[in-house]
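The values are calculated or read from the model by the stated rules, or taken from the named source; none is laboratory data. In this text the structure is predicted, and so the values were computed from the model without any measurement. Quick reminder, even Gly has a Cβ in these numbers, built from the backbone with ideal geometry, and neighbours come from all protein chains shown.
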Amino acid sequence: MFPLFPLFVPFCAFLWLFLLLRGVALEGCTRLGVVMRVSVYWFGRPTRSPYETQVEDFRRRISRRWPAEDIALKPASGLRDADPSTALVREAETLLARIPPRWKLVVLDEGGRSRTSVDFAHLLQKLEHQAPPGVAFALGSDLGITQSLRDRADVVLSLSPMTLPHLLARLMVWEQLYRATDILGPGNYHRSGLG
């Protein structure tokens, strides 16, 4: 009676996978149907630590809504002690060269604007509706961030008015990105105050 039914299910699975790989999102899509990507750029090299495990876990979870990458950049070498200003400029150039065209840039800096987790989620939703190919989050090296990079940024965001260790700042960015996906979609990770 239904001779085509056994072919229908694999066809639907193939079509879903094809659309997903082509950038048509079933969840977290923009008005144009193109998935916004998220990348966190930072200076240093990954090490085996609980931080790395946690970063990878959050990155994987975020990828359900936005494809996400954690990108380590090599800090400027040779000038760090002798001429830190030149090293900082080189790091900014390295970072900007790696960010794809038309991506939004969010620079993380203690002098940036503080946001609540809900405000941060709404910022990401607003960016998502603008339909950029992606959003790049930039953490500077131990030398910091140049003023020119702050000026180039679409958003300068502060995680805290205090200076944070880079491993902790990076983990906080990934955790807040995951929390934002939970706030924007159905989830039970984010809990609002009960007062």
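Annotations
- Where a residue in the range 91-106 is farther than 15 Å from Arg150 by Cα and its partner, wherever it lies, is among the aromatic types (Phe, Trp, Tyr) and assigned to a strand (DSSP E or B), with Cβ under 8 Å and at least six apart: Arg98/Tyr41
- Output for the range 35-69, where each listed residue is buried (at least 17 other Cβ atoms within 10 Å of the Cβ) and either more than 20 Å from Asp182 (Cα to Cα) or among the aromatic types (Phe, Trp, Tyr) (or both): Tyr41, Trp42, Phe43, Tyr51, Phe58, Trp66
- Of all the residues in the range 46-76, those that are over 30 Å from Ala87 (Cβ atoms) and in contact (Cβ under 8 Å) with a residue 24 or more places away in the chain number 6.
- Residues within the range 122-143 that are closer than 20 Å to Phe43 by Cα and exposed (fewer than 15 other Cβ atoms within 10 Å of the Cβ), tallied: 1
- Check on Gln147, surrounded by fewer than 17 Cβ atoms within 10 Å (Cβ to Cβ) and in contact (Cβ under 8 Å) with a residue 24 or more places away in the chain: no
- The residue of the range 168-188 that is surrounded by the most Cβ atoms within 10 Å (Cβ to Cβ), among those that are part of a helix (DSSP H, G or I) and among the polar types (S, T, N, Q), is Thr181.
- Positions within the range 135-166 being over 18 Å from Ala76 (Cα atoms), touching an Asp or Glu at 6+ places or on another chain (Cβ under 9 Å) and not charged (D, E, K, R), in sequence order: Val135, Ala153, Val156, Leu157, Ser158, Leu159, Ser160, Pro161, Met162, Thr163, Leu164
- Residues satisfying the stated conditions in the range 90-133, i.e. touching a Ser or Thr at 6+ places or on another chain (Cβ under 9 Å), within 19 Å of Arg152 (Cβ to Cβ) and among the β-branched types (Val, Ile, Thr): Ile99
- Of all residues in the range 168-195, those being of a type in the set (Lys, Arg) and at pLDDT below 90 number 1.
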